[in-house]
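Read the structure below first, then the notes.
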Amino acid sequence: MTPDPTPAVEFRAVSRHFGAVRAVDSVDLTIAEGAFFAMLGPSGSGKTTCLRLISGFEKPSAGHILIHGQDVSDVPPNRRNVNTVFQDYALFPHMTVRENVAYGLMVKGVDRRRRRDKAEELLALVKLQGYGDRRPGQLSGGQRQRVALARALINEPRALLLDEPLGALDLKLREAMQDELKALQKRLGITFVFVTHDQHEALSMADSLAVFNEGKIAQIGTPEDVYTRPKSRFVADFVGSSNVLPPKLTRALGGPAAWASLRPESVRLAAVGPVRGTVSAVRYLGAGSRVVLRIGEVEVAAYVPAGDPIPDIGSEASPVFAPAALHVMEG
Amino acid sequence: MPSERASPGLKIAAGAGLAFLHLPILLIFLYAFTTEEKSYQFPPPGLTLKWFAVAWNRADIWPPLWLSLQVAAVSTLIAMVLGTLVAAAMAQSRFFGREQVSLLILLPIALPGVITGMALRSAFSVVDIPFSVWTIILGHATFCIVIVYNNAVARFRRLHGGVLEASADLGANGFQTFGYVLLPNLGSALLAGGMLAFALSFDEVIVTTFTAGQQSTLPIWMLTELVRPRQRPVTNVVAIVVVAMTFLPILAAYYLTRDGEHTAGAGK
């Protein structure tokens, strides 16, 4: 039997409490070497604290953190072989772009020439050749973020931590940077740990992700797992536009008496069915329409492909779906 | 309707106000050149440069000038170290009673000088510290710290907290972070705070009166000199020196902090 390769990051029952607040509450987590791992969650869910526990700016109140197999409980941030792209970038305002990028080498005592060459190499990697003599204040948001990326990569970390790195960018730039980050991670082959509150970003970029809620991991898995098989109401609500069905309705629709999720793409409208609802909203989406049925207190969205008749608002219809489409959740 | 231009009456009033504030200062300069030495009469009967030579040769001016420079330099130095440390603590940590501590730090500058002076004087005698240059320096340091603190804390707030973490993240130890990141960003604010503190200390009278022993600083020397009828314009010559020593640093401090938010402690 071959042993498992050592994970890049491992949390063993890690907690971080701030007074009475359990920012991170007994989290177990394994991030595989070379993975693009996303930590997803609303603000205050503990995802950023987890990232700071890895970088070393927070110390666990309990539990152990291992980075590449080494317990880092007593290792300060400047001795950990991970680097961070900070939210808002945190570039040094009084240094040029090149000095910013080369900073990690300067504090190690690498000579000026090698620093310069390596900085230029990294500036080329992030497509900022020729910007070395500028100051961070003279750059756009997207350029600053590239400088932050180059600076964090100069020490050749085995894992790169990214704290909402795209949050400050506008939509178009954000999408372009998502593709670029993904390509960069493939090319460098190092572990990326990425914190975001944007579910689309997490789903489209990550190999695997953890959904955080109130200091705990609500679900961990591949984007497909999390999207199509949410473990709880929270995950279903937060991650996707899935319908969340209360136990009574699930039962009425032919399932067990439990909370369940049902993706709108799987739901069709029929004239007859076990449950009837009233059409309360219709949204045209191009390739089809999203129709919302109100059944008592619950809203169920259905997807009507282009060409099928679209019901009028206020008319009655029944939701129908294949039994396999119904995903029963833990709670 | 608010009018774009001020009325002539308001302009005249504003001009008169400014003149009332600043003409007496010009008079002080003018009397340094007068030929009349017993009283200040206007207009001066004649103009001369001889008082500068007289002042230069007066042996009783030099010790107070030297003492004032010494006190201002040392209390500024103390204030720069302590003020920066306090600012760092206040800007970077959150703790119970933080706002109250912040108020206590600012209190010496809000408190009337007589109160500070009395308090220090009684405290010194309670613990039996003889009055000396050091008691003056301690007195001055109490308000100099506030000036440095105010300047430094404003800069700390503007400094993105993340840059210190970024430095550590990239492998720098505490000393490297201090030298490469913190000091360059704090430098001009510290220099400005130090210059203001120096200027403030250099012309301080009230606290000095309470905390000095036999020594007199330059402002105290001027105060005692004014009541004597002998060689009055010499005092005015010294006044010009005091203006130069205090006004120039304040001007420099203004230019150093002009780009950022300016929170130099004004007036005391």
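The values are calculated or read from the model by the stated rules, or taken from the named source; none is laboratory data. Just so it is clear, the structure is predicted and the values come from calculations on it, not from any experiment. Virtual Cβ from ideal backbone geometry, glycine too; neighbours counted across all protein chains shown.
Restricting attention to segment A:62-84, and to residues there that are β-branched (Val, Ile, Thr) and part of a strand (DSSP E or B), which single residue is nearest to the other protein chains (Cβ to nearest Cβ)?
Residues of segment A:62-84 that are β-branched (Val, Ile, Thr), as a first pass: A:65, A:67, A:72, A:75, A:82, A:84.
Then drop every residue that is not part of a strand (DSSP E or B), which leaves A:65, A:67, A:82, A:84.
Numbers: A:Ile65: 16, A:Ile67: 14, A:Val82: 8, A:Thr84: 5 Å.
Checked segment A:62-84; the qualifying residue nearest to the other protein chains (Cβ to nearest Cβ) is A:Thr84.
Taking helices (runs of 4 or more DSSP H) that do not extend beyond segment B:142-233, which have at least 3 residues that are buried (at least 19 other Cβ atoms within 10 Å of the Cβ) and facing another protein chain (nearest Cβ under 10 Å)?
In segment B:142-233, B:162-169 are the helices (runs of 4 or more DSSP H) which contain 3 or more residues that are buried (at least 19 other Cβ atoms within 10 Å of the Cβ) and facing another protein chain (nearest Cβ under 10 Å).
Can you name the residue in segment A:128-167 that is of a type in the set (Lys, Arg) and under 30 Å from A:His68 (Cα atoms) and is also modelled with the lowest pLDDT among such residues?
A:Arg158
When you check A:Gly141 against the structure, is it in contact (Cβ under 8 Å) with a residue 12 or more places away in the chain, touching a Pro at 6+ places or on another chain (Cβ under 8 Å) and surrounded by fewer than 16 Cβ atoms within 10 Å (Cβ to Cβ), yes or no? Spell out how you get there, then give the answer.
Values: in contact (Cβ under 8 Å) with a residue 12 or more places away in the chain: yes; touching a Pro at 6+ places or on another chain (Cβ under 8 Å): no; surrounded by fewer than 16 Cβ atoms within 10 Å (Cβ to Cβ): yes.
The answer is no for A:Gly141.
If I filter segment A:102-125 for residues that are more than 27 Å from the chain's Cα centre (by Cα), among the basic types (Lys, Arg) and closer than 27 Å to A:Ala8 by Cα, do I get at least one hit?
yes
Tell me the residue from A:Ala218, A:Ala260 that is modelled with pLDDT of 90 or more and within 10 Å of A:His327 (Cβ to Cβ), please. Don't jump to the end; show me each part of the working.
Details: A:Ala218 fails: within 10 Å of A:His327 (Cβ to Cβ).
Every option except A:Ala260 fails the conditions.
Of all residues in segment A:7-55, which are part of a strand (DSSP E or B), of a type in the set (Gly, Ala, Ser) and under 16 Å from A:Val195 (Cα atoms)? I'd like the intermediate steps shown before the answer.
Let us first name the residues in segment A:7-55 that are part of a strand (DSSP E or B), namely A:9-18, A:21-31, A:36-40.
With the extra rule that they be of a type in the set (Gly, Ala, Ser), the set shrinks to A:13, A:15, A:23, A:26, A:38.
Within segment A:7-55, A:Ala23, A:Ala38 qualify.
B:Val74 - would you say it is part of a helix (DSSP H, G or I) and within 14 Å of chain A (Cβ to nearest Cβ)?
On the way: part of a helix (DSSP H, G or I): yes; within 14 Å of chain A (Cβ to nearest Cβ): no.
No, not satisfied.
Condition check ((1) under 19 Å from A:Gly41 (Cα atoms); (2) touching a helix residue (DSSP H, G or I) at 6+ places or on another chain (Cβ under 6 Å)) across all residues:
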position: A:Lys172; (1), (2): no, no
position: A:Lys182; (1), (2): no, yes
position: A:Arg187; (1), (2): no, no
position: A:Phe192; (1), (2): yes, yes
position: A:Phe238; (1), (2): yes, no
position: A:Ser241; (1), (2): yes, no
position: A:Pro247; (1), (2): no, no
position: A:Ala257; (1), (2): no, yes
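Take the conditions within 12 Å of another protein chain (Cβ to nearest Cβ) and hydrophobic (A, V, I, L, M, F, W, C) and apply them to A:Ala168. Does it pass?
Here the answer is no, as A:Ala168 does not meet what is asked.
Filter segment A:162-219 for residues that are of a type in the set (Phe, Trp, Tyr) and either in contact with a Gly (Cβ under 8 Å, 6 or more places away or on another chain) or not in a strand (DSSP E or B) (or both) and give the result.
Scanning segment A:162-219 gives a single hit, A:Phe212.
Identify all residues within segment B:135-163 that are at pLDDT 90 or above and within 24 Å of A:Gln87 (Cβ to Cβ); write none if there are none.
The answer is B:Val163, and nothing else.
Residue under question is A:Arg98, and the condition is that it be more than 9 Å from chain B (Cβ to nearest Cβ), among the basic types (Lys, Arg), farther than 30 Å from A:Leu203 by Cα and in contact (Cβ under 8 Å) with a residue 24 or more places away in the chain; does it hold?
Against the criterion (more than 9 Å from chain B (Cβ to nearest Cβ), among the basic types (Lys, Arg), farther than 30 Å from A:Leu203 by Cα and in contact (Cβ under 8 Å) with a residue 24 or more places away in the chain), A:Arg98 qualifies.
Within segment A:279-324, work out how many residues are basic (Lys, Arg) and closer than 13 Å to A:Pro264 by Cα.
Residues flagged as basic (Lys, Arg) and closer than 13 Å to A:Pro264 by Cα within segment A:279-324 amount to 2.
Does segment A:24-47 contain at least one residue that is in contact with a strand residue (DSSP E or B) (Cβ under 9 Å, 6 or more places away or on another chain), free of Cβ contacts under 8 Å to residues at least 24 places away in the same chain and closer than 23 Å to A:Leu181 by Cα?
Scanning segment A:24-47 turns up at least one residue that is in contact with a strand residue (DSSP E or B) (Cβ under 9 Å, 6 or more places away or on another chain), free of Cβ contacts under 8 Å to residues at least 24 places away in the same chain and closer than 23 Å to A:Leu181 by Cα.
When the residues of segment A:101-113 are narrowed to those that are within 18 Å of A:Tyr131 (Cα to Cα) and either surrounded by 21 or more Cβ atoms within 10 Å (Cβ to Cβ) or among the aromatic types (Phe, Trp, Tyr) (or both), which ends up nearest to the other protein chains (Cβ to nearest Cβ)?
The selected residue is A:Tyr103.
Does B:Gln100 fit the bill of being without any contact (Cβ under 8 Å) to a residue 12 or more places away in the chain and either of a type outside the set (D, E, K, R) or in contact with a strand residue (DSSP E or B) (Cβ under 6 Å, 6 or more places away or on another chain) (or both)?
When the stated conditions are applied, B:Gln100 passes them.
Can you find a residue that is among the aromatic types (Phe, Trp, Tyr) and either at pLDDT 90 or above or surrounded by 23 or more Cβ atoms within 10 Å (Cβ to Cβ) (or both) anywhere in segment B:110-124? Give the derivation first.
Quick first cut of segment B:110-124, residues among the aromatic types (Phe, Trp, Tyr) only: B:124.
Remaining after also requiring either at pLDDT 90 or above or surrounded by 23 or more Cβ atoms within 10 Å (Cβ to Cβ) (or both): B:124.
Yes, the conditions are met somewhere in segment B:110-124.
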